[in-house]
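Beneath this line is the structure, given in structure tokens, with notes to follow.
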């Protein structure tokens, strides 16, 4: 049980109007467990209850029924909040502040000493690629830059649980890849990550387990590897095969052969390679 | 929580500063600078009094405006632009956020008020030809009438009219004064009339200090006192002061009171002082009351008192800011602004409500409503210090404390309700 970072049992949320009358049921009977060190993906179409789940786990709203525990305690507990980092779906920050000032302000909300804030801010802003723009006001930032700052502020307190709502939204492919690398780095350093995203490829790349929500209910939950495994098919990879080898494989497979074709590079990989190459040329 | 709350207050300050809200106090100061040369009044000190009152009013109005606008705009932006989604998951309780926004607004209103008050003090010093001195006053403990035969008679109603043959007067006894203190002045004023029904501009009197050994020490008029001087072509042997007609509403310590110098030794070792005023002209009448004679103690130059006046007047913006935050927690910006400004105007008009009730010609329902307003709303006009500043009366820390204590119950209730509303707010 001590390895459980998040646990919900029968969690439900019904939004009410100003007078307390039930308006919409956003979540129904969610049972979820996220273990320490896991990267957990929360998937679902719009209105499926992902953001409501996250808000419940952050203590921003109270559940109508059921229980939620984060790091073994009520999500509204201030001690829990001090150990959680959160990146909202959109980057909602103060446009009149610079990146440095934003990090300092957020750090002060966590009660961090000034020297520690400066150290962490310096490291995180460089890590998300904003070292050069730290003195500029957020009003002058592009959406992608603001997103990177949002990510940096979510990590200022060195959180044990990082909740990322659509972290790659607004980022270019390189930025998206860097965020995915960052998530993997967080996992390697022992952090737990709860990731909500529409981009299934992103989730597939980084998540250990996923849960799929549909209309407020848990539709499916399990390890990514297990959920995507296809026992009915087998992939054989060959390095520079000659015609005879290919013919032999075809013959061995017989009627069960579906197709033979060279592997295709993923567009994201190609894009990153081209950008990296041009960056290198530019540097020279 | 305190560090986080202070961080939010600093954020409010920075937000307002970068939103160029500093233009508001600058506009207020410019208004005073423009007014300063053009203000005119019937007597030489009048312009100074007007400027002092005007700068205090400008500082107060600016503070109220900022207290209504700033916190309402900031909190509704936090909630409606969903910045709260970034800020509220942090380990600062929502009450800390609310208090931070409130403290930031009060600090802004205070800073703006101090800036305008500084401009006002400069204008006052320029028109007065120097920095005016402020005074605190000590009232007498005992007040007696003295007949022409020297007999002391108690005045239970606290006021008496001197008329008939000359030589009658009044006696005030003060206690608790510091015998070693320097710069004490005796201030005297009264209502003056004619015994024969004609017009009299002033009445000659003799004001003396009575020593414990029976010694009589005539007091001399301060050369700088514009009131109490001998009129041209008038003479009265033994007179050291000429009282012009002044009622209790004429309260400028600098201009509406005869200022007499208290020489050393007139205050006894145990801090007592006895003053006797004698009417000298049988053609005049003088109406005197307990408070017609006070001992004025130097209390320092005007700017420090103007600053304390701002701190006292800040109590009103503090209440308005709390009300604005409460409404902003549950409603939109226009509603919050409307609520805050309504409270500001209603809180400054309770005297009018009181008068309306006194006339007694309102309907039963309206009377009940007005009665509820009187009971429920804070009296924001009571925190005003402009009249004191104009009258050269010191504004002490007691005035600051009194103003804040007066609004404290409303402040606590409004902030508690704001906390409750914000904690229930769905994000």
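The values are calculated or read from the model by the stated rules, or taken from the named source; none is laboratory data. Everything quoted here is computed from the prediction, not taken from an experiment. Here the Cβ is made from the backbone with ideal geometry for all residues, glycine too, and neighbour counts use every protein chain on show.
Numerical summary
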| item | result |
| --- | --- |
| Set B:254, B:309: member being in a loop (DSSP other than H, G, I, E, B), crowded, with 22+ Cβ neighbours inside 10 Å and under 19 Å from the mean Cα position of the chain (by Cα) | B:254 |
| Output for region B:1-43, where each listed residue is within 14 Å of chain A (Cβ to nearest Cβ), at pLDDT below 90 and part of a helix (DSSP H, G or I) | B:2, B:3 |
| Any chance residue A:89 is surrounded by fewer than 20 Cβ atoms within 10 Å (Cβ to Cβ), in contact with a helix residue (DSSP H, G or I) (Cβ under 8 Å, 6 or more places away or on another chain) and in contact (Cβ under 8 Å) with a residue 24 or more places away in the chain | yes |
| Qualifying residue in region A:136-149 (condition: under 24 Å from residue B:75 (Cβ atoms), within 9 Å of chain B (Cβ to nearest Cβ), in contact with a strand residue (DSSP E or B) (Cβ under 8 Å, 6 or more places away or on another chain) and part of a helix (DSSP H, G or I)) | no |
| Any hit, region A:1-9, residues being within 26 Å of residue B:1 (Cα to Cα), assigned to a helix (DSSP H, G or I) and either over 21 Å from the mean Cα position of the chain (by Cα) or at pLDDT 90 or above (or both) | no |
| Selection count, region A:116-135, where residues are surrounded by 15 or more Cβ atoms within 10 Å (Cβ to Cβ), more than 14 Å from chain B (Cβ to nearest Cβ) and either in contact (Cβ under 8 Å) with a residue 40 or more places away in the chain or part of a helix (DSSP H, G or I) (or both) | 9 |
| Qualifying residue in region B:89-109 (condition: under 19 Å from the mean Cα position of the chain (by Cα) and at pLDDT 90 or above) | yes |
| Failed item, numbered, when residue B:375 is tested on (1) in contact (Cβ under 8 Å) with a residue 24 or more places away in the chain; (2) over 18 Å from the mean Cα position of the chain (by Cα); (3) within 19 Å of residue B:412 (Cβ to Cβ) | (1) |
| Yes/no for residue A:45 being in contact (Cβ under 8 Å) with a residue 60 or more places away in the chain, buried (at least 20 other Cβ atoms within 10 Å of the Cβ) and either closer than 19 Å to residue A:13 by Cβ or in contact with a helix residue (DSSP H, G or I) (Cβ under 6 Å, 6 or more places away or on another chain) (or both) | no |
| Of all residues making up region B:387-406, the number that are more than 22 Å from residue B:259 (Cα to Cα), in contact (Cβ under 8 Å) with a residue 24 or more places away in the chain and surrounded by fewer than 23 Cβ atoms within 10 Å (Cβ to Cβ) | 6 |
| Spans of strands (runs of 3 or more DSSP E) in region B:78-173 with at least 2 residues free of Cβ contacts under 8 Å to residues at least 12 places away in the same chain | B:152-154 |
| Exclusive hit being surrounded by fewer than 24 Cβ atoms within 10 Å (Cβ to Cβ) and either closer than 18 Å to residue B:94 by Cα or more than 12 Å from every other protein chain (Cβ to nearest Cβ) (or both), set A:101, A:38 | A:38 |
| Count - residues of region A:182-204 that are under 21 Å from residue A:228 (Cα atoms) and surrounded by fewer than 18 Cβ atoms within 10 Å (Cβ to Cβ) | 6 |
| Looking only at region A:48-59, and only at residues there that are within 9 Å of another protein chain (Cβ to nearest Cβ) and crowded, with 21+ Cβ neighbours inside 10 Å, the one that is nearest to residue A:192 (Cα to Cα) | A:58 |
| Residue satisfying condition, being at the interface with chain B (Cβ under 9 Å from one of its Cβ atoms) and modelled with pLDDT of 90 or more, within set A:32, A:78, A:71 | A:78 |
| When residues of region A:104-115 are limited to those that are without any contact (Cβ under 8 Å) to a residue 24 or more places away in the chain and more than 8 Å from chain B (Cβ to nearest Cβ), the one nearest to the chain's Cα centre (by Cα) | A:104 |
